[in-house]
Amino acid sequence: MGEQNHEQLIHWCSEFVAAVGEAPSMDTGSWASSRFADKHFTFWETPDGTPVSMAGSTSMVGGMIRVDPVYTPVHLRGRGYAGAVTVEVSRAALTAGATDVVLFTDPTNPTSNALYQRIGYVPVADFTGYDFSYDAPEASR
């Protein structure tokens, strides 16, 4: 991946985490410790080579590849780019021998959920994430 694509990738992953309410935005210095550093990314581009959407995927473990993240900048949405890049990444995962290709969605986002079902994904289970804070008890005196 060239330097320009790497900068685009970091920028879009930063926008993605902000959009889904995850960790603060990232930069080149924090990339290596981010949850995205070990993923494989595919850009969807217009015929002139302009990136318009991206999808990441994990390495295969136990026959499974997870698609994550899928992102299209707000001003480019509604044109089929996210669906196209998700189909391409999913197809590549199956071609690589994956027996299961999975992704997690926001259950409150009917647009992405309808898209994923149109391209062949089926809902399997709902998950809820919890973030627990831990306050260490005061030391015994």
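The values are calculated or read from the model by the stated rules, or taken from the named source; none is laboratory data. It should be emphasised that the depicted structure is a prediction, and the values quoted were computed from it without experimental measurement. Cβ coordinates were reconstructed from backbone atoms using ideal geometry, including for glycine residues, and neighbour counts include every protein chain displayed. Ligands, DNA and RNA are stripped out before the accessible areas are found, and what is left, the full protein with its side chains, is counted by its heavy atoms. Shrake-Rupley method; radii C 1.70, N 1.55, O 1.52, S 1.80 Å.
Taken over segment 100-118, the criterion of being hydrophobic (A, V, I, L, M, F, W, C), open to solvent by less than 60 Å² (accessible area, probe 1.4 Å) and under 18 Å from Met64 (Cα atoms) is satisfied by Val101, Val102, Leu103.
Give the residue that is nearest to Leu9 (Cα to Cα), with candidates limited to residues of segment 64-79 that are open to solvent by less than 30 Å² (accessible area, probe 1.4 Å), free of Cβ contacts under 8 Å to residues at least 40 places away in the same chain and not in a helix (DSSP H, G or I). Only one residue fits best here, namely Thr72. Considering (1) part of a loop (DSSP other than H, G, I, E, B); (2) exposed (fewer than 12 other Cβ atoms within 10 Å of the Cβ), the lone condition that Tyr121 does not fulfil carries the number (2). Only one entry of Val85, Val17 meets the criterion of being under 24 Å from Asp131 (Cα atoms) and either of a type in the set (Asp, Glu) or within 12 Å of the chain's Cα centre (by Cα) (or both), and that entry is Val17. A single member of Val102, Val17, Val87 is of a type outside the set (Ser, Thr, Tyr) and not in a helix (DSSP H, G or I), and it is Val102. Residues of segment 20-63 that are part of a strand (DSSP E or B), within 14 Å of the chain's Cα centre (by Cα) and within 19 Å of Arg77 (Cβ to Cβ): Phe41, Thr42, Phe43, Trp44, Ser53, Met54, Ala55, Gly56.
The condition (being surrounded by 12 or more Cβ atoms within 10 Å (Cβ to Cβ), of a type in the set (Gly, Ala, Ser), free of Cβ contacts under 8 Å to residues at least 40 places away in the same chain and more than 21 Å from His11 (Cα to Cα)) is satisfied by just one residue among Ala93, Ala82, Ala55: Ala93. With respect to Asp131, is the statement that it is within 20 Å of Ser57 (Cα to Cα) and part of a loop (DSSP other than H, G, I, E, B) true? No.
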